[in-house]
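Structure, as structure tokens:
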């Protein structure tokens, strides 16, 4: 685990150095760049939450009909909606959890960048996990809908 942590820290240090060179050591420009990257994560999280809301809303309207098409459909829709809920909670808790970028300012550009990149990478991992969960939940949900459509009754 330490090796992997060291590799990530080295990669962040290298990236911080490249960004510092790109912005000419301008602390404000580095801060703005990090802020924009974090905003992208929030935007993508909002999209995931919107899709989760749609799944939950459709379940409210069609869930009973889907569940009535058989045991497998009931299990699929239940598992799907619970996994979509887990994806939403993961995104909320991991990406939307508030941590101000100004709280991690360092005395120099390199320190600020390394701390900001660590925060970005952590939130990126949470979003990736939420997206995987959403994909699995959505697949189970679609399987339930397919069972409804294949139901001859």
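Quick notes on this structure:
- Here 14, 107 are screened, and the one residue that is in a helix (DSSP H, G or I), surrounded by fewer than 16 Cβ atoms within 10 Å (Cβ to Cβ) and either under 14 Å from the mean Cα position of the chain (by Cα) or modelled with pLDDT under 90 (or both) is 14.
- Residue within region 50-59 that is modelled with pLDDT under 85 and exposed (fewer than 13 other Cβ atoms within 10 Å of the Cβ) present: no
- For residue 24, the stated conditions hold: it is on the phi > 0 side of the Ramachandran plot, loosely packed, with under 13 Cβ neighbours inside 10 Å and without any contact (Cβ under 8 Å) to a residue 60 or more places away in the chain.
- Residue in region 44-65 that is out of contact with any helix residue (DSSP H, G or I) (no Cβ under 9 Å at 6 or more places or on another chain) and not in a helix (DSSP H, G or I) present: no
- Check on residue 73, over 23 Å from the mean Cα position of the chain (by Cα), under 17 Å from residue 141 (Cβ atoms) and at pLDDT 90 or above: yes
- Boolean, residue 62 is surrounded by 15 or more Cβ atoms within 10 Å (Cβ to Cβ) and either at pLDDT 85 or above or within 19 Å of the chain's Cα centre (by Cα) (or both): no
- Matching residues in region 81-101 - criterion: being surrounded by fewer than 21 Cβ atoms within 10 Å (Cβ to Cβ) and either out of contact with any helix residue (DSSP H, G or I) (no Cβ under 8 Å at 6 or more places or on another chain) or not in a helix (DSSP H, G or I) (or both): 89, 96, 97, 98, 99, 100
The values are calculated or read from the model by the stated rules, or taken from the named source; none is laboratory data. A quick note: this is a predicted structure, and the numbers were derived from the prediction, not measured. So basically every Cβ, Gly included, is an ideal-geometry build from the backbone, and we count neighbours across all protein chains shown.
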